[in-house]
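Contents: one structure, followed by commentary.
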Amino acid sequence: MEALSIKIKIGEREYPMRVDPEDEERIRQAGRMLNEQIHQYRQRYHTTDKQDLLAVVAFDAFVEKLDYQTRQAETEKVIVDKVSRISRLINQTIS
């Protein structure tokens, strides 16, 4: 499929981009979420400095990403441990 040309407004600026049609809604949703976070931080910290607001939103996004990666790694370890235990039990039963 051919990429779509869209504009995403972040803060008070529009950013043109080309996206695959199947990604368009997800990208637009990300833009809405980003703008909502900017609005929340503007209200919470009583600042209008766009660079400060974007920096805090970006920082929080990376903290959330690191938390997610940590939880995912822990979950994967639990799954691998359980599969290994089940595999050992199966091998013991077969032997």
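Here's the yes/no breakdown for (1) surrounded by 12 or more Cβ atoms within 10 Å (Cβ to Cβ); (2) modelled with pLDDT of 95 or more:
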{"position": "PRO16", "(1), (2)": "no, yes"}
{"position": "THR47", "(1), (2)": "yes, no"}
{"position": "TYR68", "(1), (2)": "no, yes"}
{"position": "ALA73", "(1), (2)": "no, yes"}
{"position": "VAL78", "(1), (2)": "no, yes"}
{"position": "LYS82", "(1), (2)": "no, yes"}
{"position": "GLN92", "(1), (2)": "no, no"}
Query raised in the report: Name the residues in the range 48-87 that are part of a helix (DSSP H, G or I), among the polar types (S, T, N, Q) and either under 30 Å from ARG32 (Cβ atoms) or in contact with a helix residue (DSSP H, G or I) (Cβ under 7 Å, 6 or more places away or on another chain) (or both), would you?
Result: GLN51, GLN69, THR70, GLN72, THR75
**Report entry** Contacts under 8 angstrom Cβ, first residue in the range 38-58 being acidic (Asp, Glu), partner in a helix (DSSP H, G or I), 6 or more apart
**Finding:** ASP52/TYR45
Report task. May I ask you to verify whether ILE8 is among the β-branched types (Val, Ile, Thr) and in contact with a Phe, Trp or Tyr (Cβ under 8 Å, 6 or more places away or on another chain)? Result -> yes
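The values are calculated or read from the model by the stated rules, or taken from the named source; none is laboratory data. Not measured: the values here are computed from a predicted model. As a convention, Cβ positions derive from the backbone with ideal geometry for all residues, glycine included, and neighbour counts pool all protein chains shown.
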